[in-house]
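The values are calculated or read from the model by the stated rules, or taken from the named source; none is laboratory data. Quick caveat, the model's predicted, so the values are computed rather than measured. For neighbour counting, all protein chains shown are included, and Cβ atoms are generated from backbone atoms with ideal geometry for every residue, glycine included.
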Amino acid sequence: MTSPQDQFSDPSSEPDLLPGTRRALLHRIARAQAEGRAPSLVASVVRGGRQVWSGARTSVDGHGPDDDVQYRVGSITKTFTAVLVMRLRDEGLLRLEDPVERHLPGTGVGEVTVVQLLSHTAGLAAETPGPWWERTPASLRPELRDVLGDRPFRHERGRRHHYSNPGFALLGALVARLRAATWEEVLQQEVLGPLGLHRTSVRPQAPNAGGWAVHPWADVLQPEKVEDLGVMAPAGQLWSTAGDLARFAAFLMNGDDRVLPQESVRDLRTAAAPSGWEESYGLGVQLRRRGDRTLAGHTGSVPGFVAGLWTCEEDDVAAVVLANCTSGVAAGTVAAELVGIVADAEPKLPAPWRPLPDVDQNLLALTGPWYWGTQAVAVRLAAEGGLELGGLGGGGRQSRFCPVGDGTWVGLDAYYAGEELRAVRDDSGQVTHLDLGSFVFTRQPYDEAAPVPGGSDPEGWRGLAI
């Protein structure tokens, strides 16, 4: 028997970007380099898991960078460090709720938890004690106590988002302690090598851009000195290229089982702390709203360099912007706009609908309309074998559920994340109602045959006599 899909050939993957889109991307980075007065700027765009565009602008004719030239990426380093911590979590070597003291004793701030460090909610100071750590030698801060200082806290831990660079120095030391190797060695072995990021390194490797400070009121510049950050390296040391960061951006959207599966990567991108009206922070990952679009990634800056990396999973687009100037170019803003240019001009094609290869009749019997009180909802059978619950027409609370294996399901997202969904059956095996975190869903509003809390009025449904 011929199946429906045998009647047509599968469409090929989406083509490279259209000429008009490529021109719009080039125009945007040209404006950014000119208006930001950057000595050079390079950018890349990812779609469908691969780099589909790169471009550059420079102040030196005939000497433009390409996507293989290294720039310093500043705090994008924090996302790499977070990936290492999540690998430890996945292996069971730590829990995110663990106090740091359990794994890294003697810091003096050991009551803070791993997740508080990852989400910048530990209450630690934003910077190290003076002098300015990004422009002075690491030899001034050889130990963790030197980056934490005598007064490490600025806020009560767990109460607010307060960005902390020393917090990621602690996380880097935690990784090194549990792996019995340096943070740099672990990063190379567990992330850079497996993902093929051969042009990402702790110290610059030619070809690399030099960092510059551009005078704010005159078109002149001077070189910025590059310092090794020492124990602060996990907060902002890395050098990388637009090509390598494009591959890293694809990983942040799709995961890679050699490093972190997609589920764990989504944990990185799940909001853990609000940082503004339209911004929040996950675990080593910044989150930003631009209109209806949710972006995940990180920005970075160190003297001489600015960087931005944003991904948008729903549009399957990511963008990277790197420039070698201390200020002037809002690299994060430009990267976000590159995502928008591609997503708006060439919207993601929906995956073709395909029927399920097989269906569990017990699951199929749960689909259709249910009622929570008088509110109508629908249960749908998802392609992955789980269930989806939401209001009719797409409104109300929407959540996905995956099977646990004992006849129950657990919520994956939104309001019911982590909540248990259970189909309750009578003696004959027929489903009488659904129980979801104490909420009873019935086939009829306030079904008399189901244990609806508060019961049903004995006189039933009736009109209002006038």
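A few remarks follow.
- The listed residues are V317, V339, V334, V302, and the only one of them that is touching a helix residue (DSSP H, G or I) at 6+ places or on another chain (Cβ under 8 Å), buried (at least 20 other Cβ atoms within 10 Å of the Cβ), assigned by TED's automatic domain parsing to the domain that holds A38 and closer than 24 Å to R266 by Cβ turns out to be V317.
- Cβ separations smaller than 6 Å between residues 6+ apart or across chains give the following pairs from the range 171-196 residues that are basic (K, R) to residues that are part of a helix (DSSP H, G or I): R179/V186.
- Condition met for R354 (surrounded by fewer than 19 Cβ atoms within 10 Å (Cβ to Cβ), basic (K, R), in contact (Cβ under 8 Å) with a residue 24 or more places away in the chain and more than 25 Å from T121 (Cα to Cα)): yes
- Each residue in the range 30-80 was checked for being within 13 Å of V329 (Cα to Cα) and not hydroxyl-bearing (S, T, Y), and 14 pass.
- Screening G210, G193 for residues that are in contact with a Pro (Cβ under 7 Å, 6 or more places away or on another chain) and surrounded by fewer than 17 Cβ atoms within 10 Å (Cβ to Cβ) leaves exactly one candidate, G210.
- Residue match in the range 269-276 (condition: among the hydrophobic types (A, V, I, L, M, F, W, C), out of contact with any strand residue (DSSP E or B) (no Cβ under 8 Å at 6 or more places or on another chain) and either more than 22 Å from S44 (Cα to Cα) or assigned by TED's automatic domain parsing to the domain that holds V42 (or both)): no
- The single condition among (1) surrounded by 20 or more Cβ atoms within 10 Å (Cβ to Cβ); (2) in a loop (DSSP other than H, G, I, E, B); (3) in contact with a Leu (Cβ under 9 Å, 6 or more places away or on another chain) that R199 does not satisfy is (3).
- Residue list for the range 141-178, filter: of a type in the set (D, E) and not in a helix (DSSP H, G or I): E143, D150, E156
- Per-region count, the range 108-119, residues touching a strand residue (DSSP E or B) at 6+ places or on another chain (Cβ under 9 Å), assigned to a loop (DSSP other than H, G, I, E, B) and either farther than 30 Å from G304 by Cα or outside the structural domain of P234 (by TED's automatic domain parsing) (or both): 4
- Among (1) surrounded by 15 or more Cβ atoms within 10 Å (Cβ to Cβ); (2) of a type in the set (S, T, N, Q); (3) in contact with a helix residue (DSSP H, G or I) (Cβ under 9 Å, 6 or more places away or on another chain), the one test that T136 misses: (3)
- Filter result for the condition that a residue is within 30 Å of R258 (Cβ to Cβ) and of a type in the set (A, V, I, L, M), over V112, V147, V100: V100
- Within the range 342-351, considering residues that are aliphatic (A, V, I, L, M) and more than 19 Å from the chain's Cα centre (by Cα), the one surrounded by the most Cβ atoms within 10 Å (Cβ to Cβ): V342
- Checking each residue in the range 381-408 for being touching a Ser or Thr at 6+ places or on another chain (Cβ under 6 Å) and under 12 Å from L363 (Cβ atoms) picks out only L381.
- Residues satisfying the criterion are present in the range 180-189 (criterion: small (G, A, S), out of contact with any Ser or Thr (no Cβ under 9 Å at 6 or more places or on another chain) and outside any helix (DSSP H, G or I)).
- Residue match in the range 97-107 (condition: assigned to a loop (DSSP other than H, G, I, E, B), crowded, with 17+ Cβ neighbours inside 10 Å and more than 27 Å from the chain's Cα centre (by Cα)): yes
- Residue within the range 12-24 that is in contact with a helix residue (DSSP H, G or I) (Cβ under 9 Å, 6 or more places away or on another chain), modelled with pLDDT of 95 or more, within 30 Å of E346 (Cα to Cα) and surrounded by fewer than 16 Cβ atoms within 10 Å (Cβ to Cβ) present: yes
- Evaluation of P458 against the conditions (1) in the same structural domain as Y371 (by TED's automatic domain parsing); (2) more than 28 Å from T270 (Cβ to Cβ); (3) not aliphatic (A, V, I, L, M) shows that the sole unmet condition is (1).
- Test: residue in the range 255-264 that is in contact (Cβ under 8 Å) with a residue 12 or more places away in the chain and closer than 30 Å to S40 by Cα: no
- Qualifying residue in the range 72-80 (condition: β-branched (V, I, T), in a strand (DSSP E or B) and either within 22 Å of the chain's Cα centre (by Cα) or at pLDDT below 95 (or both)): no
- Inter-residue pairs, beta-carbon under 9 Å, first in contact (Cβ under 8 Å) with a residue 24 or more places away in the chain and assigned by TED's automatic domain parsing to the domain that holds D435 and in the range 374-397, second assigned to a strand (DSSP E or B) and of a type in the set (D, E, K, R), 6+ apart: V379/E388; L381/E388; G386/R400; L387/R380; L387/R400; L389/R380; L389/R400
- G64 vs. criteria closer than 30 Å to P223 by Cα, modelled with pLDDT of 95 or more and surrounded by 11 or more Cβ atoms within 10 Å (Cβ to Cβ): no
- Residues (in a loop (DSSP other than H, G, I, E, B), within 22 Å of L229 (Cβ to Cβ) and in contact with a Phe, Trp or Tyr (Cβ under 9 Å, 6 or more places away or on another chain)) located in the range 120-130: H120, A122, A125, A126, E127
- Within the range 338-369, being modelled with pLDDT of 95 or more and either in a helix (DSSP H, G or I) or among the hydrophobic types (A, V, I, L, M, F, W, C) (or both) holds for L338, V339, G340, I341, V342, A343, D344, A345.
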